[in-house]
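> So that we are looking at the same thing, I have put the structure below in structure tokens.
The values are calculated or read from the model by the stated rules, or taken from the named source; none is laboratory data. Quick caveat: nothing in here was measured; it's all calculated off a predicted structure. All Cβ positions, glycine included, derive from the backbone under ideal geometry; neighbour counts span all protein chains shown.
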Amino acid sequence: MTQVLAAALLGGLVGLDRTALGQFMVSQPLVAGPLMGWVLGDPLTGLLIGGVLELVWVLDMPIGTFVPADSTVAAVSATAIAVIGSGGTMRMPAVGFSLLLTTVMAPVTMFADHLMRQRNARLPEFAAATTGVTEGRIAAAHLAGLVAFFLKSFVLCLILVPAGIVALTWFLKLPAVAHRAMRLFVTLLPLLGVAVAARKLSVRTLDRYLVIGCAVGAAGVLILSAPVPVAAAVAAVAGWLGGRVHGT
Amino acid sequence: MERESRALRTVDLLGVTWRSFFIQASWSYDRMQSLGFAFAFAPVLRRLYPDRSERAERLVRHMDYFNTQPYLASFILGAAARVEEERARSGDTAADPGELKRTLMAPLGALGDSFFWGSLKPFSAVIAVIMLLAGTWWSPILFLAVYNLAHVGLRAHMVFAGYATRGDVVALLARYNFPGLARLFKVLSLVLAGTIAGTVSAWAPPFHPPVPVNGAVLTAATIALVLVMSHLLRVGGSPVKLMLGLAAICLALAMGGLG
């Protein structure tokens, strides 16, 4: 129970960074996941979850009135479920199942966000109450929004994490084939992230820059046996030069 | 205090800068950042209007509808502070920063969304994910460093830039060239995203796919899978649906002995 509360508290605090406070990107899955894992004593599980989720949600942009899926709650909850529910064993299957579980809950997190932002519309009325507008009333009304944003993520984690742990306990009793499937699922998720990023960054499926990256990366590691960062650096230079040639 | 002697100090603009980090604390659908703008602007009004009733009247004016990209809101806060200062000093009650705010918030919103959300953020994320797949445990720190070097640096400067230029967006663009940088980061993000798929055979454990095929076959299959998923997203698929589909495919592969 203490671990669940710690997870919900961290979820609430980190969730503030999504919209209400700072937006330093601490709420991004790549950071929020390992942070949660570190608090629960297993940063590697959080790093796995954050890493594979990051590209899937990174281009879901909060533009205008659009509220994207809450990838922070997804990463924090998935990490807490995987760490607490698996007790440190069967990491990969537990990670895969937790990711799947929290991702299908994305519409619920969006709905919670929607409700909270509707309620926030009352705050300006509070600031301009009958006693008149003062700096203090504006600050109180405005900062009350922080409490609302915190509570939204806190309550979501408080519900999702225990429910997820129960579901994970059930999943871990399934035959080994289900576990192998989830292990494969985790390793293929970064590719879904690449597909989502490519879709949102370019109007073409066969974008020339994506193709340059694939070709240079593959040639670098398969033919030259270069380390991944070196292949990436060479691809970036090739892409930059290609962009200059095409005037992009 | 004589009107002519009313002037903002650096400490007031620093106060606005600090409060700008809270500008979205009460974000709502109908007024969006209106309350946040008034909250962040309060140090300016406190300095310029010693009279409480006059200050309250100005606070109400600054609670009008307001919405823009939260980082570039700082530029508008600085510009509005300059106009408000001129108003307070001249006593010209017809002068009002409201028009300036309304003029700037849409173009700066589009500019900031495209640069910060649409290019800098994915660029930082793609770099960090590549490093993670290569086995670097400190990739989250790298992500935060790459992103916030630009974010915090610009945000700290924006209030002062807005104040100094009185909201001159042309001067802002001449100095930072956000559209050009956005294009560059998008190109690099696409190239690096492609590199992630192309280097699958060299991913560090535990990310390396557990399939018994050689590197070239795995790479070809991976690139094909990315292109198919990208196409499905283009014709209306969603990440959640594709994730469920991917899980189903993985189950089928595991049942077939792969994975």
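> B:L100 - would you say it is aliphatic (A, V, I, L, M) and in contact with a helix residue (DSSP H, G or I) (Cβ under 7 Å, 6 or more places away or on another chain)?
Numbers: aliphatic (A, V, I, L, M): yes; in contact with a helix residue (DSSP H, G or I) (Cβ under 7 Å, 6 or more places away or on another chain): yes.
Considered against the rule, which asks whether it is aliphatic (A, V, I, L, M) and in contact with a helix residue (DSSP H, G or I) (Cβ under 7 Å, 6 or more places away or on another chain), B:L100 comes out as yes.
> Is it the case that some residue within region A:105-124 is farther than 30 Å from A:H142 by Cα and of a type outside the set (D, E)?
no
> Name the residue, out of B:F37, B:F22, that is assigned to a loop (DSSP other than H, G, I, E, B), within 22 Å of A:E125 (Cα to Cα) and within 19 Å of the chain's Cα centre (by Cα).
On the way: B:F37 fails: assigned to a loop (DSSP other than H, G, I, E, B).
Testing whether each residue is assigned to a loop (DSSP other than H, G, I, E, B), within 22 Å of A:E125 (Cα to Cα) and within 19 Å of the chain's Cα centre (by Cα) leaves just B:F22.
> So, A:L99, is that one outside any loop (DSSP other than H, G, I, E, B) and either in contact with an Asp or Glu (Cβ under 6 Å, 6 or more places away or on another chain) or within 30 Å of B:F66 (Cβ to Cβ) (or both) or not? Lay out the reasoning, then the answer.
Numbers: outside any loop (DSSP other than H, G, I, E, B): yes; either in contact with an Asp or Glu (Cβ under 6 Å, 6 or more places away or on another chain) or within 30 Å of B:F66 (Cβ to Cβ) (or both): no.
Spelling it out, it is not the case that A:L99 is outside any loop (DSSP other than H, G, I, E, B) and either in contact with an Asp or Glu (Cβ under 6 Å, 6 or more places away or on another chain) or within 30 Å of B:F66 (Cβ to Cβ) (or both).
> Still on this structure: Among the residues of region A:30-50, write down those that are within 9 Å of the chain's Cα centre (by Cα) and under 19 Å from A:P93 (Cα atoms). Working first, answer last.
Initial filter on region A:30-50 (within 9 Å of the chain's Cα centre (by Cα)): A:30-33, A:49-50.
Those that are within 9 Å of the chain's Cα centre (by Cα) and under 19 Å from A:P93 (Cα atoms): A:G33, A:I49, A:G50.
> Quick check on A:T187: is it within 7 Å of chain B (Cβ to nearest Cβ) and outside any helix (DSSP H, G or I)?
On the way: within 7 Å of chain B (Cβ to nearest Cβ): yes; outside any helix (DSSP H, G or I): no.
Criteria not met by A:T187.
> Looking at (1) more than 16 Å from A:Q23 (Cβ to Cβ); (2) within 11 Å of chain B (Cβ to nearest Cβ); (3) among the small types (G, A, S), which one does A:A112 not meet, given that it meets all the others?
(2)
> Here's a follow-up. Looking at region A:140-184, which of its residues are over 30 Å from B:R19 (Cα atoms), facing another protein chain (nearest Cβ under 10 Å) and crowded, with 18+ Cβ neighbours inside 10 Å?
Once the filter is applied, which keeps residues that are over 30 Å from B:R19 (Cα atoms), facing another protein chain (nearest Cβ under 10 Å) and crowded, with 18+ Cβ neighbours inside 10 Å, region A:140-184 yields A:A178, A:H179, A:R180, A:A181, A:M182, A:R183, A:L184.
> Considering only region A:221-234, state which residues are assigned to a helix (DSSP H, G or I) and more than 7 Å from chain B (Cβ to nearest Cβ). Lay out the reasoning, then the answer.
We begin by selecting, within region A:221-234, every residue assigned to a helix (DSSP H, G or I); these are A:221-222, A:228-234.
Once the filter is applied, which keeps residues that are assigned to a helix (DSSP H, G or I) and more than 7 Å from chain B (Cβ to nearest Cβ), region A:221-234 yields A:V230, A:A233, A:V234.
> Out of everything in region B:88-105 that is assigned to a helix (DSSP H, G or I) and among the hydrophobic types (A, V, I, L, M, F, W, C), what residue ends up being surrounded by the most Cβ atoms within 10 Å (Cβ to Cβ)?
Of all residues in region B:88-105, those assigned to a helix (DSSP H, G or I) come to B:88-90, B:98-105.
Narrowing the set further to residues that are among the hydrophobic types (A, V, I, L, M, F, W, C) leaves B:88, B:100, B:104-105.
Working: B:A88: 24, B:L100: 18, B:L104: 22, B:M105: 21.
Among those residues, the one meeting the criterion is B:A88.
> Return a yes/no flag: does region A:133-153 have any residue that is at pLDDT 90 or above, touching a helix residue (DSSP H, G or I) at 6+ places or on another chain (Cβ under 8 Å) and closer than 24 Å to B:S238 by Cα.
yes
> Oh, and also: In region B:106-219, which helices (runs of 4 or more DSSP H) lie fully inside it and hold 3 or more residues that are closer than 23 Å to B:F21 by Cα and of a type in the set (S, T, Y)?
Working: elements: B:121-133, B:139-165, B:169-176, B:178-198.
Answer list for region B:106-219: B:139-165.
> Looking for whichever is modelled with pLDDT of 95 or more, among the aliphatic types (A, V, I, L, M) and out of contact with any helix residue (DSSP H, G or I) (no Cβ under 8 Å at 6 or more places or on another chain) here; the options are B:A220, B:A193. Which one fits?
Details: B:A193 fails: out of contact with any helix residue (DSSP H, G or I) (no Cβ under 8 Å at 6 or more places or on another chain).
Checking each option against the conditions leaves just B:A220.
> Within region A:194-215, how many residues are more than 7 Å from chain B (Cβ to nearest Cβ) and in a helix (DSSP H, G or I)?
Residues that pass the stated criteria total 2.
> Which number in (1) within 11 Å of chain B (Cβ to nearest Cβ); (2) under 21 Å from A:L151 (Cβ atoms); (3) surrounded by fewer than 24 Cβ atoms within 10 Å (Cβ to Cβ) marks the one condition that A:L59 misses?
Failed condition: (2).
> OK, next. Return yes or no: is B:F21 of a type outside the set (D, E, K, R), within 9 Å of another protein chain (Cβ to nearest Cβ) and in contact (Cβ under 8 Å) with a residue 60 or more places away in the chain?
Numbers: of a type outside the set (D, E, K, R): yes; within 9 Å of another protein chain (Cβ to nearest Cβ): yes; in contact (Cβ under 8 Å) with a residue 60 or more places away in the chain: yes.
Judged against the criteria, B:F21 is a match.
> Checking the conditions here, which among A:V56, A:V76 is over 19 Å from A:V194 (Cα atoms) and part of a helix (DSSP H, G or I)? Show your work before the answer.
On the way: A:V56 fails: over 19 Å from A:V194 (Cα atoms).
Exactly one of A:V56, A:V76 is over 19 Å from A:V194 (Cα atoms) and part of a helix (DSSP H, G or I), namely A:V76.
> From the list A:G220, A:G239, A:G243, pick out the single residue that is touching a Gly at 6+ places or on another chain (Cβ under 9 Å), more than 28 Å from A:A74 (Cβ to Cβ) and modelled with pLDDT under 95. If you could, list the steps in order and put the result at the bottom.
Values: A:G220 fails: modelled with pLDDT under 95; A:G243 fails: touching a Gly at 6+ places or on another chain (Cβ under 9 Å).
Result: A:G239 is the single residue among A:G220, A:G239, A:G243 that is touching a Gly at 6+ places or on another chain (Cβ under 9 Å), more than 28 Å from A:A74 (Cβ to Cβ) and modelled with pLDDT under 95.
> Within region B:55-87, track down each residue that is in a loop (DSSP other than H, G, I, E, B), aromatic (F, W, Y) and at pLDDT 95 or above. Steps first, please.
Of all residues in region B:55-87, those in a loop (DSSP other than H, G, I, E, B) come to B:62-65, B:67-72.
Now narrow it down to the ones that are aromatic (F, W, Y): B:65, B:71.
Result: B:Y71, single match.
> Looking at region A:94-109, which of its residues are β-branched (V, I, T), farther than 18 Å from A:T19 by Cα and more than 8 Å from every other protein chain (Cβ to nearest Cβ)?
Hits for region A:94-109 are A:V95, A:T102.
> State all residues of region B:24-39 that are touching a residue at least 40 places away in the same chain (Cβ under 8 Å) and either more than 7 Å from chain A (Cβ to nearest Cβ) or within 16 Å of B:A81 (Cα to Cα) (or both); if no residue qualifies, say none.
B:Q33, B:F37
Matching residues to (1) under 29 Å from B:Q33 (Cβ atoms); (2) more than 9 Å from chain B (Cβ to nearest Cβ); (3) at pLDDT below 95:
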{"residue": "A:L5", "(1), (2), (3)": "no, yes, no"}
{"residue": "A:D17", "(1), (2), (3)": "yes, yes, no"}
{"residue": "A:S27", "(1), (2), (3)": "yes, yes, no"}
{"residue": "A:V31", "(1), (2), (3)": "yes, no, no"}
{"residue": "A:W38", "(1), (2), (3)": "no, yes, no"}
{"residue": "A:G50", "(1), (2), (3)": "yes, no, no"}
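> In region B:121-150, which residues are surrounded by fewer than 24 Cβ atoms within 10 Å (Cβ to Cβ), more than 7 Å from every other protein chain (Cβ to nearest Cβ) and under 17 Å from the mean Cα position of the chain (by Cα)?
B:A145, B:V146, B:L149, B:A150, listed by residue number.
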